[in-house]
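Working notes for the structure below.
The values are calculated or read from the model by the stated rules, or taken from the named source; none is laboratory data. Quick caveat, the model's predicted, so the values are computed rather than measured. Here the Cβ positions follow ideal geometry from the backbone for every residue, glycine too, while neighbour counts run over all protein chains shown. The area values use the complete protein model at the heavy-atom level, side chains included, leaving out ligands, DNA and RNA. Shrake-Rupley method; radii C 1.70, N 1.55, O 1.52, S 1.80 Å.
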Amino acid sequence: SRHAPRMSGSSADASSPSQHERFVAALLDGIIATGLTALFGGAPLLGGLVGGLYLVARDGFEVGPLRFRSPGKYVMGLDLVRLDGGPVSLETSVQRNWMLGLSSVAGAFIVVPIVGGALASFLSLAGLGFILFEIYNVFADPVGRRWGDRLGNTKVVAAGDGLV
């Protein structure tokens, strides 16, 4: 059955998840992205693109019980809400997650003649820097909002409906 849309207007009152819950959700999503990359490992450029696309778009689809949240968030009982009360969408997911896909797609630039290797290295390092910055923000921000959440005007909240 189709789930009713979540009311994101009450997001200001929703409780923030623990750092442990956010870490495990991110770890699960990282494992999925790595698995997708490996699945297409015979075509390394395609594998990196698929894994990166997953990381960027993971919160942007209403697929079964996921309802616009990544599989990691679903398992951990976390929800993604927009602070303006609007619906979460693929655009929201891209706005908040683009920086997390940089390292995954960097390998695709290796095919660019002359400057490809340097460009791929730069994107890999930039992606790593963004990931470290995002981890820092989850711990430093009073409600655990990362830079991507500020870009997407979102907040991760405890939904209380996790599988664990």
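Using only the alpha-carbon atoms of region 81-129 as identical scatterers, what base-10 log of I(q)/I(0) does the Debye formula give at q = 0.16, 0.23 Å⁻¹?
Treating every Cα as an identical point scatterer, log10 I(q)/I(0) equals -0.54, -0.76.
What percent does the relative contact order of the chain come to when contacts are Cα pairs within less than 8 Å and at least six residues apart?
Over the chain, the number comes to 29 percent.
Over region 80-164, what per residue volume does the convex hull of the Cα atoms give, in whole Å³?
Expressed per residue, the convex hull around the Cα atoms of region 80-164 is 124 Å³.
Size of the dipole of the chain about the Cα centre, Lys and Arg at +1 and Asp and Glu at -1 on the beta carbon, nothing else charged, in debye to 20?
80 debye
Can you give me the Cα centroid spacing of region 19-91 and region 99-151 in angstrom?
Centre-to-centre distance over Cα atoms comes out at 16 Å.
To the nearest 10 square angstrom, what accessible area does I31 show with a 1.4 Å probe?
Solvent-accessible area, nearest 10 Å²: 100 Å².
Only four residue types carry charge here, +1 at the Cβ of Lys and Arg and -1 at the Cβ of Asp and Glu. Report the dipole size of region 75-164 about the Cα centre in Debye, rounded to the nearest 20.
Value, rounded to 20: 140 debye.
Ratio of Rg to Rh for the chain, alpha carbon only, Kirkwood?
Ratio value, two decimals: 1.00.
Could you report region 1-154's accessible area per residue, 1.4 Å probe, as an integer in Å²?
53 Å²
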